[in-house]
Amino acid sequence: MPVKAIARTSISRNGVGAFVSPCYKISVNYCNWGGSSTGLRELLNAGKIDKIAQEKSNIIFEVIKRTGHPSLKFHYNNDVVQDINIANLKAHEIVNKLDEYSQRSGNDLFKFNHRVLSINDSVRGVWSPLHTPKTHRHKI
Amino acid sequence: MLRRSMIVKDLARVSRLRGLMSIPQPRHYSQPSKAVNQQINLQHYENLNQSTSSFQAKYDNIQDYGSYKHNVFTHRLPESTASQSPPLVALHSRLNLSSQYSLSTLSQALNLNKFDDGLANNYGLNILGKNLLSYYVSEYLLVKYPRLPMPIHNVAVDSLMGSKALYQIGKIWGIEVDKSSKLDKYLSQESEFLKYGKLRYLTEERLDNNEAESGVYELSSEEITNLKSNNNTASSSSFISDEVEAYGSAVRAIIGGLYTHQGEEITKQFIQDHILSRKLLLENMFEFSQPTRELVRLCDKLNFQDPIDIRLIAETGRLSSHAIYVVGVFCGVEKLGEGVGSSMNEAKTRAVVNALMSYYLYSPIDNEGNEVKVPSDKDYKYLDGIVGLGDVAI
């Protein structure tokens, strides 16, 4: 056998061909009695959650009645579930939270202080000191 | 009172179902006389008369073949029921499918169970999708990398449309597995529509033996045989679990469904967007055993007149602990490859491998510098260099 093959799975590049939003499911937990759910109950009564669910048709919405503080659970396709506490938040703040977290990738946020983040090789290549003419080469 | 009676009634129904599920497996007796053995088998099959076999065949007498009747009638999910399933509607929207693609087909693509609730399964769609995928994927690879050696080509096809890749794609699409049994569904008052949008591959029997601990589960008989055959031949890393296989099947079936509803053009676009857009790690797939010898054989085959020679291009720090050598592989005045290493030998090997890779990973372009069209494109023109010359043998 001249060449042997090593099996490698290809890497997904979301957005290069098709884009599929990483958040696929949101569970909305509310309490019918507690004061901390007032904002969320307002949204539910006004039918705003229905409207949001229709706009974000690519996300499954699940509304659960449960005692305790209200929360939003975001399920992402990298098996991450983020539980966001929305106790005592006003209606518009909850809508903001929904918008913000439904657009996330599910990965942890990190400080990015490099020029480029890429899985591709450099197009230009790496500079080499040894590829200059001999007369111009740096000598130690 | 009424509610309790309902529960009791339904529990009775569930237990009856469980009774049906726990079919006694045919036992292998340690060879008594043949007649006895046959008798036992007959008894076993007569038990099956209570419509418990997978085909649910009924008969008056086992030896009277004329009396055999199959009474499994599969049907498709009505569109009105399918449209009430939130995961199904969300999946349809996530994949940007047009309204021509019916939700009932999508639900069928997610059903792998043979005889569950009489709903049609994805067997046919899966085969259709598999053939479409292998056509477009191999066409893409053969035209884009015409000189890829056969083993690398096979692994590259697997890397794009193997079960593991399709499993990842299914996960990205947000497909969930239906992991609750009928009893669990009843007790948690889960809406019956939810399951139509989930991946159904676990039989009721396996659903009942819920995971004791998350991540720990009992292997099915197919998985055990798969694992055993893997242990005998190659590394166990090639083991593919039922879940991975099921995701792959669902993704293929969804592609098959797209073809049946919207035709070839749309399916091709879908495959390009979701599968061919993934990054192929071709450079990491090569494993050379004797690279220098292979390069010499390759140059022989290509009728290069001059012999291969390896020359030192530059070096630094020969007497230090961190020497660097730059070595080139030449054929006459043509440089075929170049490598950098901390010893002459390493640099030489890298240079030879680099030369081989630049031959194997050649990708043709047309006169305007664009990527070459594949035969299924509209105005495809045959170009030289699209058909490879075949592999070399050492």
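Taken together, the values in this text are just the output of simple stated rules run on the coordinates, not laboratory data. Keep in mind that what you see is a predicted model, and the values were worked out from it rather than measured. Cβ: placed from backbone, ideal geometry, glycine included. Neighbour counts: every protein chain shown.
Peptide B:284-294 has a mean of 3 when you count, residue by residue, the C-beta atoms of other protein chains within 10 Å of its C-beta. Note on the protein assembly as shown: helix-only mean residue ellipticity at 222 nm, from DSSP H runs of 4+ residues weighted -39500 (n - 2.57) and normalised by residue number, equals -12000 deg cm²/dmol. Ordering B:328, A:103, B:364 by Cα displacement along the dipole of the protein assembly as shown toward the positive end leaves A:103 in first place; charges were set at the Cβ atoms of Lys, Arg (+1) and Asp, Glu (-1). Computed from the Cα positions only, the extents of region B:286-360 along the three principal axes stand at 41, 28, 16 Å, in decreasing order.
Taking θ as phi - 60° and the Karplus parameters 6.51, -1.76 and 1.60, the scalar couplings of region B:103-115 work out to 5, 5, 5, 4, 5, 5, 5, 8, 9, 9, 6, 5, 10 Hz in sequence order, x denoting glycine and proline.
Please figure out what share of the DSSP beta bridges in the protein assembly as shown is antiparallel and state it in percent, rounded to the nearest 5.
So the antiparallel bridges in the protein assembly as shown amount to around 80 percent.
Convex hull volume per residue, computed on the Cα atoms of region A:23-102, equals 75 Å³.
Would you work out the charge dipole size for region B:133-276 about its Cα centre, treating the Cβ of every Lys and Arg as +1 and the Cβ of every Asp and Glu as -1, and quote it to the nearest 20 debye?
Values: 14 positive and 21 negative charges, 116 e Å.
For this selection, approximately 560 debye.
Using a 10 Å cut-off around each Cβ of peptide A:11-22, what is the average number of partner chain Cβ atoms that fall inside?
6
The three principal axes of the Cα atoms in chain A give end-to-end lengths of 82, 44, 25 Å, sorted in falling order. Given +1 at the Cβ of Lys and Arg, -1 at the Cβ of Asp and Glu and no other charges, the dipole of region B:73-208 around its Cα centre is 480 debye to the nearest 20.
Note: the protein assembly as shown, Cα convex hull, 281 Å³ per residue.
DSSP loop (so not H, G, I, E, B), at most 16 other Cβ within 10 Å: list which GluC sites (Glu not before Pro) in region B:280-378 pass both filters.
B:368
The simple spin-label model puts a point 7 Å past each Cα toward its Cβ; for residue B:113 and residue B:265 those points are separated by 4.0 nm.
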